[in-house]
Amino acid sequence: MAARPELAGRRSLFVDLPGHGTSDRPEHFGYTLDEHAHAVAVALDQAAVAGAELVAHSMGGAVAVVLAHRRPDLVSRLVLTEANLDAFPPSTAASSGIAAYEEDEFVEERYARVLDAVGPLWAATMRLADPRALHRSAVGLRRGSDPVMRTMLEGLTIDRVYLQGEHSGELQGREDLEAAGVRVVTVPGAGHNVMFDNPDAFAAAVVGRG
């Protein structure tokens, strides 16, 4: 996405959260939303970035909301794609399925089964995550933040865009979000992975034309 002509000339930072991708996998890290948000804040501080536009998906969106609430100096705009806004997501959500197991059981027995079950797209990224970090992150996401992410998002005054895939159904609480100034965009032909399903609409939203 960052290579698209619409985004030419922008500095882009790609952040692997702790325990994910090629980032460190600290054993004693809690992997809560607050701790993930603090880690991103440290990365932005180290990069001497303030007033960043945060583009975030799914759990990353929840982390971005918490960061914008805790460190408003770091964030000037949010583009959220199917971000988790509530604690205790439905049982169909991946985080709920992972968090349903005890940590050791997931790490030792269930992680490999989950990779087989989620399909190649999700497995390609999940296989790069430390299983313990994956479980603790799911537990943290299920627990949510205090106040909950939806309340934080509604209380922000910066530019906020929320992308909802058409195939995911109506966004819960959409009217309240819009009343709070959040621009909610239903992306045609897209499911949870909007950036893969409709990259043109995603790029337009990032540059502010969606």
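Based on this model, can you work out whether THR92 counts as in a loop (DSSP other than H, G, I, E, B), of a type outside the set (D, E, K, R) and closer than 19 Å to ALA190 by Cβ?
On the way: in a loop (DSSP other than H, G, I, E, B): yes; of a type outside the set (D, E, K, R): yes; closer than 19 Å to ALA190 by Cβ: yes.
So THR92 passes the test.
Might you let me know whether segment 25-38 holds any residue that is open to solvent by 60 Å² or more (accessible area, probe 1.4 Å), aliphatic (A, V, I, L, M) and within 30 Å of ARG174 (Cβ to Cβ)?
Within segment 25-38, not a single residue is open to solvent by 60 Å² or more (accessible area, probe 1.4 Å), aliphatic (A, V, I, L, M) and within 30 Å of ARG174 (Cβ to Cβ).
Which condition number in (1) open to solvent by 50 Å² or more (accessible area, probe 1.4 Å); (2) over 16 Å from HIS36 (Cα atoms) is the one that MET126 fails?
Here MET126 clears every test but (1).
Every residue in segment 43-86 that is open to solvent by less than 30 Å² (accessible area, probe 1.4 Å) and part of a strand (DSSP E or B), please.
ALA52, LEU54, ALA56, VAL75, ARG77, LEU78, VAL79, LEU80, THR81
Exactly one condition in (1) modelled with pLDDT of 95 or more; (2) among the charged types (D, E, K, R); (3) more than 13 Å from the chain's Cα centre (by Cα) is not met by ARG127; state its number.
(1)
Tally the residues that are assigned to a helix (DSSP H, G or I) and surrounded by fewer than 18 Cβ atoms within 10 Å (Cβ to Cβ), restricting the search to segment 194-210.
At the first step, the residues of segment 194-210 found to be assigned to a helix (DSSP H, G or I) are 194-197, 199-206.
Narrowing further to those that are surrounded by fewer than 18 Cβ atoms within 10 Å (Cβ to Cβ): 196-197, 199-200, 204.
Summing the residues that are assigned to a helix (DSSP H, G or I) and surrounded by fewer than 18 Cβ atoms within 10 Å (Cβ to Cβ) in segment 194-210 gives 5.
The values are calculated or read from the model by the stated rules, or taken from the named source; none is laboratory data. The structure presented is a predicted model; accordingly, all values stated were derived computationally and were not measured. Positions of Cβ are backbone-derived with ideal geometry, glycine not excepted, and every protein chain shown enters the neighbour counts. We work out accessible area using only protein heavy atoms, side chains counted, and drop any ligands, DNA or RNA first. Shrake-Rupley method; radii C 1.70, N 1.55, O 1.52, S 1.80 Å.
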